[in-house]
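Asker: Okay, handing you the structure first.
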Amino acid sequence: MSLTFKVPIFDVKNLSFRVRGVDILSQISLEIFHGEYIAIIGPNGGGKTTLIRMLLGLEKPSSGEVRLFGKKLKNFKEWYKIGFVPQRASLVDENFPATVEDIVKMGRVANRGIFTSFSNEDTKIVEDAMLKMDIVDLKEKMVGTLSGGQRQRVMIARALASKPEILILDEPNTGVDMVSQQRFYKLLAKLNKEEKITIVFITHDIGVIADDIGRLFTINQKATICNDPKETLSCEDVSTLYGIDAHLIHNHKHEDHVC
Amino acid sequence: MTEMFAYEFIQRAFVAGIFIAILASISGTFIVLKRYSLMSETLAHSALVGVAVGLVAGYNPLWVAVIVAVLSAWLIEYLRSNFSLYSDSILSIILSGSLALAVVIVSLGGAFNNSLFSYLFGSILSVSNEDVVTIAIVGTPALALLLLFSKELYFITYDEEVAKTSGIKVKLLNFLLVTVVAIIIALSIRVVGSLLIGALMVIPTSAALQYRVGFKNTILISLFFALFSVVFGMSLSFYFSLPSGATIVLTVISLFILSLIVNKK
């Protein structure tokens with residue numbers, strides 16, 4: 001992958017997170033550049049979500065520094081450039097009074113001034129985000145009545161409505177069926193290729209990641225960065241990372257070996 | 001029904017009541033969705049401390065109630081963010097502490113009388129011109145702030161962390177919300193009473209949520225239920241000489257039960 005921009009979106013240096021003397025993450029250094037498609041894998045409790053939370057300023061690191069678009073987190077103001085879809089996104093409260101359109105519109109809230117209401121342009125951007133996620137037909141529906149896969153697309157449309165440069169998704173497939181998952185990965189790849197949106201997502205679906213992603217971060221207290229996962233990710237790596245036996249399954253369609 | 005409007009005190013009570021129905025139902029929507037329902041009860045009891053101080057010291061009890069309720073809301077938020085205490089424990093401690101303090105102040109001041117009873121359960125007889133003016137002067141900016149930030153507050157009630165990572169000033173807006181709610185509760189105790197105002201905040205929204213409609217319509221239904229309950233409840237209060245807070249709350253609970261039945265899954 002050619003890294004044409006010099007200033008990375010995320011520039012992380014020696015980031016550590018300690019709770020009551022126990023290291024959750026130690027000395028993580030990494031960079032994320034424009035246009036990248038990155039998957040983060042690792043065992044539960046390995047610190048993946050903590051890392052994302054520190055990148056977004058939701059958790060304070062014990063030491064180290066995060067720079068976002070070249071700025072220190074506390075000085076960063078252009079949050080609309082970041083689209084975040086958290087782990088529990090598809091597990092929305094069923095009684096929450098929101099139509100699909102209500103939720104997607106939330107993506108425009110931070111972009112407008114206090115004294116202005118939604119403009120025609122906002123409405124157009126919201127429509128566009130729903131179109132990209134193929135949820136226009138659902139716009140009047142209550143979000144609590146949707147399936148896991150539909151909710152997931154609503155949450156991504158909400159993130160897209162702020163016109164982000166980077167989308168960060170934390171295990172977005174929790175509570176989503178297999179067919180929706182495959183459709184979802186296709187959508188992510190499309191956003192990355194056609195819209196040039198940088199994508200970073202945490203996943204457990206090791207089988208899926210080999211196809212489209214550019215780089216792979218494995219997080220288990222420390223970070224291992226794999227620049228060419230198709231070539232270098234082996235089942236031994238996965239076994240070491242998760243502490244379990246991984247077996248090769250031959251994937252006839254793509255002629256890839258996946259674990 | 002029209003003959004009761006011949007009385008000036010009824011006109012005053014209705015103006016104050018309608019104002020409070022609007023304030024309580026709109027702020028109540030955010031309170032319920034944020035799971036802050038118990039907070040309205042706690043702040044109502046804190047407002048009672050203000051009433052007690054006002055009654056004993058001879059100040060306008062409504063103004064003192066507003067100040068004490070706001071201070072109490074800030075204390076709750078401070079304790080929540082800086083100590084490892086469960087939210088409902090904090091609310092429970094401040095609720096009972098406030099009530100105890102109010103009773104002690106009133107007893108020491110020798111003002112444990114009918115006047116306090118009206119602040120506990122609401123009284124349409126006792127709404128003065130000064131009260132109506134106070135409700136209008138303080139309530140209007142409170143409502144304006146709520147409406148101005150309604151989209152941001154809605155986003156925060158949906159998902160606080162996502163709102164934060166979108167650049168919304170979550171801490172500041174939470175602080176603003178509890179301040180406005182404290183003000184609204186303190187203003188409401190004249191008409192609804194401190195023991196019953198929590199119900200006017202929480203029940204119209206809880207009933208509206210049964211209809212499973214979008215945010216705007218939920219607020220509108222909640223507003224309608226609150227207005228109907230205040231108007232109907234105050235009329236009952238007038239004709240049967242009952243405390244207005246009680247009749248208002250019983251009306252809104254009837255609407256809630258009706259909503260539950262109509263929307264049974």
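Asker: So what's the net charge close to residue A:61: Lys and Arg +1, Asp and Glu -1, counting the other residues with Cβ under 13 Å from its Cβ?
Answerer: In short, +4.
Asker: Going by a ≥ b ≥ c, the root eigenvalues of the Cα gyration tensor, does the stretch B:189-242 fall in the rounded group (a/c under 1.5), the prolate group (a/b larger than b/c) or the oblate group?
Answerer: Prolate shape, in that a/c is at least 1.5 and a/b is the bigger ratio.
Asker: Put +1 on the Cβ of each Lys and Arg and -1 on the Cβ of each Asp and Glu in the stretch A:1-138; which of A:97, A:14, A:37 then has its Cα farthest toward the positive end of the dipole?
Answerer: Positive-end residue among those listed: A:14.
Asker: Further question on the same structure: Less than 12 Å from a label point 7 Å out along the Cα-to-Cβ axis of residue A:195: which backbone N atoms in the stretch A:132-164 qualify, by residue?
Answerer: Answer for the stretch A:132-164: A:132-135, A:153-164.
Asker: On to the next question. What whole-number value in Å² describes the accessible area per residue of the protein assembly as shown for a 1.4 Å probe?
Answerer: 46
Asker: Follow-up question, since we're still on this one. Under 14 Å from a point placed 7 Å out from the Cα of residue B:104 along the Cα-to-Cβ direction: which residues of the stretch B:53-86 have their backbone N that close?
Answerer: Of the residues in the stretch B:53-86, B:53 have backbone N under 14 Å from the label point off residue B:104.
Asker: Next question, about the same structure. Kindly report, to the nearest 10 Å², the accessible surface of residue A:204 as traced by a 1.4 Å probe over protein heavy atoms only.
Answerer: Accessible surface of residue A:204 is approximately 70 Å².
Asker: List every residue whose amide H lies under 5 Å from the amide H of residue A:199, counting only residues 5 or more places away in sequence or on a different chain, with H placed 1.01 Å from N in the peptide plane.
Answerer: Amide H neighbours of residue A:199: A:36, A:37, A:38, A:167.
Asker: Net charge within 14 Å of residue B:34 by Cβ-Cβ distance, Lys/Arg positive one each and Asp/Glu negative one each, not counting residue B:34 itself?
Answerer: That works out to -4.
Asker: At a probe of 1.4 Å, how much accessible area disappears from chains A and B on forming the pair, both sides counted, to the nearest 100 Å²?
Answerer: Chains A and B together bury approximately 2400 Å².
Asker: Whole-Hz Karplus ³J(HN,Hα) for the stretch A:76-87, in order, using 6.51 cos²θ - 1.76 cosθ + 1.60 and θ = phi - 60°, x for Gly and Pro?
Answerer: 7, 10, 8, 5, 5, 6, 10, x, 10, 10, x, 4
Asker: Also, I was wondering about something else. With a ≥ b ≥ c the root eigenvalues of the C-alpha gyration tensor of the stretch B:1-155, is it rounded (a/c under 1.5), prolate (a/b larger than b/c) or oblate?
Answerer: In terms of gyration-tensor shape, oblate.
Asker: Could you state how much accessible area residue B:38 has, in square angstrom rounded to the nearest 10, with a 1.4 Å probe and all protein chains kept in place?
Answerer: Accessible area, nearest 10 Å²: 80 Å².
Asker: Could you list, in their original order, any pairs among A:71/A:222; A:193/B:216; A:13/B:164; A:141/A:196; B:164/B:216; A:186/B:169 whose Cα atoms are separated by more than 32 Å?
Answerer: A:193/B:216; A:186/B:169
Asker: Using label points projected 7 Å from each Cα along Cα→Cβ, tell me how many nm separate residue A:88 and residue A:131, to one decimal.
Answerer: It works out to 3.4 nm between the two label points.
Asker: Expressed in nm to one decimal, what extension gain is obtained for the pair residue B:254 and residue B:148 from 0.36 nm per residue of sequence separation less their Cα-Cα distance?
Answerer: 35.0 nm
Asker: Alpha carbons only, please: Rg and Dmax for the protein assembly as shown, in angstrom.
Answerer: For the protein assembly as shown, the Cα-based Rg and Dmax read 27.3, 89 Å.
Asker: Rounded to the nearest 500 deg cm²/dmol, what is the calculated helix-only ellipticity per residue at 222 nm for the protein assembly as shown, with -39500 (n - 2.57) per DSSP H run of length n ≥ 4?
Answerer: Value at 222 nm, helices only, nearest 500: -18000 deg cm²/dmol.
Asker: Taking the alpha-carbon set of chain B, what are its Rg and Dmax in Å?
Answerer: For chain B, the Cα-based Rg and Dmax read 17.9, 56 Å.
The values are calculated or read from the model by the stated rules, or taken from the named source; none is laboratory data. Source: prediction; values computed, not measured. In this analysis, Cβ positions are derived from the backbone assuming ideal geometry, glycine residues included, and neighbour counts consider all displayed protein chains. When the accessible area is computed, the model is the full protein with side chains, heavy atoms only, and any ligands, DNA or RNA have been set aside. Shrake-Rupley method; radii C 1.70, N 1.55, O 1.52, S 1.80 Å.
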